[in-house]
């Protein structure tokens with residue numbers, strides 16, 4: 001049954017017009033090993049001098065000494081880190097870390113390239129676009145230019161600045177021994193340290209020049225994937241959270257004003273300040289039609305929304321049922337009609353009634369997204385549509401199948417309206433919502449995990465919008 005559903009899903013075509021905003025950058029990926037760190041320390045032993053205090057999530061990194069202290073601490077405890085760095089530190093990175101790869105980074109950049117590769121009409125908006133950034137976009141991506149109104153031009157012709165936002169990603173594997181001077185540490189798990197450059201011009205919002213034309217822009221697209229709101233402010237224009245919320249909500253309403261059917265997807269990215277995050281999401285999320293999040297992020301979100309028991313249940317016994325309860329609570333609290341929770345081996349999707357797309361089409365879209373993500377895990381980069389068919393005979397994961405089976409058993413024991421039919425459909429109907437549990441592919445030893453959540457969310461929702469349009473026109 002599921003193999004047939006997968007094969008049907010692989011016939012999906014993206015016929016929609018997509019906009020991605022706002023965060024696009026160049027990822028500089030540096031895969032660390034013991035020899036690399038040893039070489040840096042031999043060359044410049046002073047980098048181990050006078051380490052500063054233990055790093056935090058908003059730790060500012062300005063010198064190579066601070067960087068090495070941060071890196072050492074993160075490797076020691078196996079934690080990830082995302083922070084800001086002084087751009088001058090990039091010069092030092094270029095001198096000592098010669099083995100590197102550059103790739104598209106940021107939700108908007110990754111999604112725009114993936115949508116173009118899958119054949120959608122793909123547009124992107126990022127306020128600052130350098131030649132270096134433009135060069136790693138798919139050449140078919142379009143960019144909005146303001147004349148009397150909006151003109152969509154090829155991304156390579158849209159360069160408007162020389163500055164490029166760089167994210168340095170230092171990846172390290174599990175179980176590797178690193179020597180920092182006389183101290184030897186072993187990484188307890190694979191993880192990464194990400195340090196990004198900042199510039200006030202790279203705002204997470206629409207430029208004042210383009211804002212008056214957002215209604216026209218919205219008329220030219222079917223679905224917009226928005227990310228970057230976690231920055232919470234725009235320097236010089238919206239310094240406080242309240243000002244940023246007003247600016248963002250005004251722009252989103254303007255974007256939808258001439259196209260009330262426009263679909264908007266918000267991909268969750270945590271804010272450093274959890275209290276501000278709740279304020280931001282409660283104001284912005286109701287303007288969106290879809291919300292994407294993963295199994296770890298939902299726990300943090302639920303804690304912030306006041307559902308600590310649900311968050312604890314996921315921590316203690318993560319399973320399809322606990323993720324369903326968490327996703328449903330978040331959907332109700334944030335007043336968003338669709339939440340897709342992506343997890344290893346399966347997706348949990350909550351659709352609040354009345355939902356305007358047949359849940360069977362939503363399931364088909366999720367299976368299509370699983371295939372896209374499977375190819376990405378196998379070969380990296382943006383996945384061309386013609387490559388997706390290779391997943392037809394690649395089985396959906398045992399993890400997903402077992403989770404679906406366990407959910408049906410638990411739901412029955414709790415008296416929910418579910419039968420064994422759900423094992424074949426993955427769909428459960430409740431009074432005010434639909435639930436989908438969709439088994440997904442798992443690829444052992446993926447080439448890269450960067451951007452997988454963005455790929456799943458965008459491929460699934462763009463496919464859903466496309467399938468719904470075809471289904472509607474064929475009636």
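The criterion of at least 1 residues that are in contact (Cβ under 8 Å) with a residue 12 or more places away in the chain, more than 22 Å from residue 449 (Cβ to Cβ) and under 20 Å from the mean Cα position of the chain (by Cα) is met by the following helices (runs of 4 or more DSSP H) wholly inside the stretch 307-393: 320-334, 359-379.
Restricting 218, 232 to those that are surrounded by 18 or more Cβ atoms within 10 Å (Cβ to Cβ), over 20 Å from the mean Cα position of the chain (by Cα) and within 20 Å of residue 284 (Cα to Cα) reduces the list to 218. Checked against (1) under 30 Å from residue 220 (Cα atoms); (2) modelled with pLDDT of 95 or more, residue 276 passes all but condition (1). Note on the stretch 257-283: residues that are farther than 24 Å from residue 83 by Cβ, out of contact with any helix residue (DSSP H, G or I) (no Cβ under 6 Å at 6 or more places or on another chain) and not in a loop (DSSP other than H, G, I, E, B) total 2. Of the residues making up the stretch 284-306, those that are free of Cβ contacts under 8 Å to residues at least 60 places away in the same chain and assigned to a loop (DSSP other than H, G, I, E, B) are 289, 295, 296, 306.
Identify all residues within the stretch 90-104 that are touching a helix residue (DSSP H, G or I) at 6+ places or on another chain (Cβ under 8 Å), in a helix (DSSP H, G or I) and either free of Cβ contacts under 8 Å to residues at least 24 places away in the same chain or within 22 Å of residue 231 (Cα to Cα) (or both); write none if there are none.
Those that are touching a helix residue (DSSP H, G or I) at 6+ places or on another chain (Cβ under 8 Å), in a helix (DSSP H, G or I) and either free of Cβ contacts under 8 Å to residues at least 24 places away in the same chain or within 22 Å of residue 231 (Cα to Cα) (or both): none in the stretch 90-104.
Evaluating residue 223 against the criteria (1) free of Cβ contacts under 8 Å to residues at least 40 places away in the same chain; (2) in contact with a strand residue (DSSP E or B) (Cβ under 7 Å, 6 or more places away or on another chain); (3) in the same structural domain as residue 288 (by TED's automatic domain parsing) leaves one unmet condition, (1).
Do we have residue 391 as under 25 Å from residue 260 (Cβ atoms) and either at pLDDT 95 or above or out of contact with any strand residue (DSSP E or B) (no Cβ under 7 Å at 6 or more places or on another chain) (or both) here? For residue 391, the condition - under 25 Å from residue 260 (Cβ atoms) and either at pLDDT 95 or above or out of contact with any strand residue (DSSP E or B) (no Cβ under 7 Å at 6 or more places or on another chain) (or both) - is not met.
The condition of being surrounded by fewer than 16 Cβ atoms within 10 Å (Cβ to Cβ), touching a residue at least 24 places away in the same chain (Cβ under 8 Å) and either in contact with a helix residue (DSSP H, G or I) (Cβ under 8 Å, 6 or more places away or on another chain) or not assigned by TED's automatic domain parsing to the domain that holds residue 39 (or both) holds for only one of 141, 84, 124, 146, that being 146.
Looking across 469, 411, one residue alone is part of a helix (DSSP H, G or I), closer than 30 Å to residue 262 by Cα and assigned by TED's automatic domain parsing to the domain that holds residue 383. It is 469.
The values are calculated or read from the model by the stated rules, or taken from the named source; none is laboratory data. Because the structure is predicted, anything quoted here is derived from the model rather than measured. With ideal geometry, Cβ positions are generated from the backbone for all residues, glycine too; neighbour counts draw on all protein chains shown.
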